[in-house]
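**Q** Quick one: the structure is below, questions incoming.
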Amino acid sequence: MRGCCGIALSVALACDVMGCARPQPSRTAVAPPHGGEEVAGISSSRQTPASSDEPAAATSVQSDAIPPSDLEASKTIAPEPWRTAPPDDVAAPPPDARKTLSGLAHRIIVPGHGTEHARPWDRVIVRYAGWTTDGELFDSSTVRAFELPNVIPGWSEAVQLMVVGERRRLWIPEALAFKGRPGTPQGTLVFDIELISIKRLTEAPSVPMDVAAPPRTSKRTKSGLADRVLTKGTGTTHPTSDSRVSVHYAGWTTEGRLFDSSIPRGVPFTIVLSEFLPGWTEGIQLMVEGERTRFWLPEKLTYQGRPNAPKGILVYDIELLSIEPY
C-alpha cells in the first residue's frame, strides 16, 4: 500500500482513531491504517503503539493485520490493487450523489449482496483507493482490515452505510478526514471502497460520566496524575517499572472520544512498564492484580504533543490482569 508523505494512510483514526495512540495498542490512519502487514496483497496496519508498546492514537484510516480468522474472507479476492486512475467525478460529487448531515457525499458504484451493516466498533475487511480532488492518488490497497473506531470519521460513517460486496465512492470533507494536520492529504478526499467482510466485535466501553475531569474523590500524585479505583483487586503486590504486565484498557479524550481499547479485540495488551507512556508506568505501579482504575493523565505523561497522537488530558480505564518479572 502506498502511503502519503511516508504515512500509511490510516482511515482509521483510532488515534485520530486512532492518529494514534493506543497505549499503543492503538492505531489510526487517514485513509487506511497506520502501518501494516500485507497478506496476499493485503496491506494492513493497526496502530501500533507509539513505540511499539504505546497505545496507538487514532488519526488515520488505520488498519490491522488481518487476523487468521478473517483470512478466509479474503482468499477469493484478487490480490491486485484497485484501479489507480482517478474517477471522472473526482473533482466533485455528481448530482446523483447523496449527502449526509455531516457533509459526507457518497454514491454506490456496485450494489452489495449482504444484508447486515457494520457497527461503530466492528472490524471490516476492505479494498480501497484514495485521491485528492485534483486527481492525485495518495493511497490504495489490495485487501486490508480495519477496526472502525480507529479510522477517520468519514470512513467510519461511510462503511456503516455499506453491505458486504458493495463498492461505494466517497467525497469526505476535510473536517471528517485529517482536519488539516501537517503531513496528511489536505482538503476534500475521494475514496472508492469495496466492503469484503464484517467481523463482529465486542462493543466498546461506554464513555465514563466523569470523563471531562477527575471527581473530588479521585487521588492525585505529584506528577499530576489523577486516579480513582473502580474495582478493588485481589492481589497483594504491586508491579515495578521493570515488570511485564497484561491489561485490558480503554482510552478517551476529555470530550468523550474513544481513541483506543483492547476490549473489542478481546486480546489483553502486554507491556514492560518502563517502555511505555510515563503515565501508564506510574499509574499501573499503584495497582494490584484484579484491580480496575480510571486515570486522568496530563499530556506531559502521555504523548507530549507528538503529531498524530491524541492531545490534552487522556482518560484511561485499566484493568490489571497479571504481573510477571521482566
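None of the figures in this text is laboratory data; all of them are computed from the coordinates on show. Quantities reported herein were computed from a predicted structural model and do not represent experimental measurements. Here the Cβ is made from the backbone with ideal geometry for all residues, glycine too, and neighbour counts use every protein chain on show.
**Q** Just rank 255, 174, fewest to most, by other beta-carbon atoms within 10 angstrom.
**A** 255, 174
**Q** Let me see the P(r) profile for the stretch 246-297: every Cα-Cα distance counted, bins of 5 Å, each bin given as a percent of all pairs.
**A** 4, 17, 27, 31, 17, 4
**Q** Additional query: Could you list 295, 276 so that the one with the fewest beta carbons within 10 Å of its beta carbon is first and the one with the most is last?
**A** 276, 295
**Q** Compactness ratio of the stretch 83-237: Cα Rg over 2.2 N^0.38 Å, N = residue count?
**A** Details: Rg = 20.1 Å, N = 155, 2.2 N^0.38 = 15.0 Å.
The reported ratio for this selection is 1.35.
**Q** Can you check how the C-alpha radius of gyration of the stretch 219-324 compares to 2.2 N^0.38 Å, as a plain ratio?
**A** 0.99
**Q** In nm, to one decimal, how far is the modelled label at residue 116 from the one at residue 101, with both set 7 Å along Cα→Cβ?
**A** Placing both labels 7 Å along Cα→Cβ, they lie 2.7 nm apart.
**Q** How do 248, 238, 106 line up, fewest other C-beta atoms within 10 Å first? Could the numbers behind the result be given before it?
**A** Numbers: 248 19, 238 16, 106 22.
In order of increasing Cβ crowding within 10 Å: 238, 248, 106.
**Q** Still on this structure: Of the listed pairs 219/300; 219/311; 199/311; 199/232, which have alpha-carbon separations greater than 26 Å here?
**A** On the way: 219/300 18 Å; 219/311 22 Å; 199/311 30 Å; 199/232 33 Å.
Listed pairs above 26 Å: 199/311; 199/232.
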